[in-house]
Amino acid sequence: MITIKDIAKEANVSEGTVDRVIHNRSGVSKKTEAKVKKVLERHNFKVNPVASALAMKKKHQISVLIPEHNDSDLFWKSPYLGVIKAADDVKNFGVQVNSFTFNQSDAKSYLSAFEDVLETEPTAVIMVPNFSDETKQIINRLEALNIPYLFLNIDIEGFNNIAYVGQDAYTAGYIAGKMIHFNNPQPCEFLIIQSSQNITKNNAISNRVKGFKDYFLKNEMNSTPETLKIDDINNVLEAKEIINAYLQTHPEIKGVFVPSSRIYKVVDCIENHRLQHLKLIGFDNTPQNTACLLNDSVSFLISQKPFDQGYKSVRLLTEYLVQNNLPEQKIYLPIDILIKENVEYNGRDEFIS
């Protein structure tokens, strides 16, 4: 069955424009209206009367609880832009989207932002479950209010979220292990560098690490990756001393895996004469990480499709609220392997946005 999305794509217009033409609303030029109607007639498009009535009469409020982004951590800017783009696309269906940000290192900030979310009296909530204990408190309150919720980017088991949208973190880690091994076929050792502030039970980081280790275990490799934990990767002097001291006493290490978007910080810490003999792999094509990929400091980046995560989350909840379409429980996005030759082609949707 053809959808408004299909019509919009064929007519090369937004879904909102198609919706306005279908319901005879203003704001569309005569030329565009004629083009859309031609596509509608070609496919004998029929409006779903139930969905249309819901969209016209009932207003919905989706509140998004997402970590803030800044110059030193730009990852969360991409899903935020995806949310903003989707918010514009769904407003004609009677859906309003508001975003609330929190400090991902501060549980109190997380709970405070949630209080702001509740003040909007949301119909549904999209949330990044960054802290396990605090997430339990939040979920208990949402369920008491019968507010459906969706997990974005981080998947925590044991809750009644209607869906999870993000990367299959375990598989991404497994792929990282495979890539770094293929890039270092001779017998050697590999190091996982983690920042203690990113180590949270059941989050994406721990699942990536498990997947990375399992690659070597399941393929009966002689190498067993070691883990180096840094209390605060933002403390450059301390981190630099710890990392280089470890590498000096472990010259057999030829590959480094950073299971977060902070690989550029690790690159900044490693002395150049050591960096030249290491293959590094990390996550996310933030501007800083992309620069490391382009100057050959990093061999591979694995993209989580963060813009798509934000965009798809809003669209899925909109379909659930407006058309009562229950999504699949796990919505895994593609796992893209980025190298210097293809990184510029990744993320163009968010650039256009």
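The values are calculated or read from the model by the stated rules, or taken from the named source; none is laboratory data. Everything numeric here is computed off the predicted structure, so don't read it as measured data. Virtual Cβ from ideal backbone geometry, glycine too; neighbours counted across all protein chains shown. Quick note on the areas: whole protein, heavy atoms, side chains included, nothing else; ligands and nucleic acids left out. Shrake-Rupley method; radii C 1.70, N 1.55, O 1.52, S 1.80 Å.
Report summary: the helix-based calculation at 222 nm, which adds -39500 (n - 2.57) for every DSSP H run with n ≥ 4 and divides by the residues of the chain, gives -14000 deg cm²/dmol. Take 28-39, 145-156, 253-264 and order them by the average number of nearby Cβ atoms within 10 Å per residue, most first; the result is 253-264, 145-156, 28-39.
For the chain, what does the relative contact order come out to in percent, with C-alpha contacts under 8 Å and a separation of six or more?
Reported relative contact order: 18 percent.
Out of the total accessible area of the range 196-353 (probe 1.4 Å, heavy atoms of protein only), what percent is carbon and sulfur? Result for the range 196-353: 48 percent of the exposed heavy-atom area is carbon or sulfur. Can you classify the range 70-133 as rounded, prolate or oblate using the Cα gyration tensor, where a ≥ b ≥ c are the square roots of its eigenvalues, rounded means a/c under 1.5, and otherwise it's prolate if a/b beats b/c and oblate if not? Here the range 70-133 falls in the oblate category. Excluding ligands, DNA and RNA, the accessible surface per residue across the chain is 50 Å² with a 1.4 Å probe. Averaged over residues, the count of other Cβ atoms within 10 Å places the peptides 105-111, 17-23 in the sequence 17-23, 105-111, highest first.
For the range 282-353, the list of GluC sites (Glu not before Pro) that fall in a loop by DSSP and count at most 16 other C-beta atoms within 10 angstrom reads Glu328, Glu341. Of all beta bridges that DSSP places with both ends in the chain, some 10 percent have antiparallel geometry.
Taking 15 Å as the straight-line reach from the Cα of Lys178, the aspartates and glutamates in range (excluding those fewer than 8 positions away in the same chain) are Glu189, Asp214, Glu220, Asp336. Close amide-amide hydrogen proximity is noted between Ala163 and Phe151, each under 5 Å apart and 5 or more residues distant or on a separate chain (H modeled in the peptide plane; Pro and chain starts excluded). Distance from the alpha carbon centroid of the range 108-135 to that of the range 286-310 works out to 28 angstrom.
Compare the Cα positions of Pro259, Phe190, Gln96 along the charge dipole of the chain (+1 at Cβ of Lys, Arg; -1 at Cβ of Asp, Glu; about the Cα centre) and return the one farthest towards the positive end. So the residue furthest toward the plus end is Gln96. Each of [x] 21.2, 69; [y] 30.8, 98; [z] 22.8, 72 is a candidate for Rg and Dmax of the Cα atoms in Å; the one calculated from this structure is [z].
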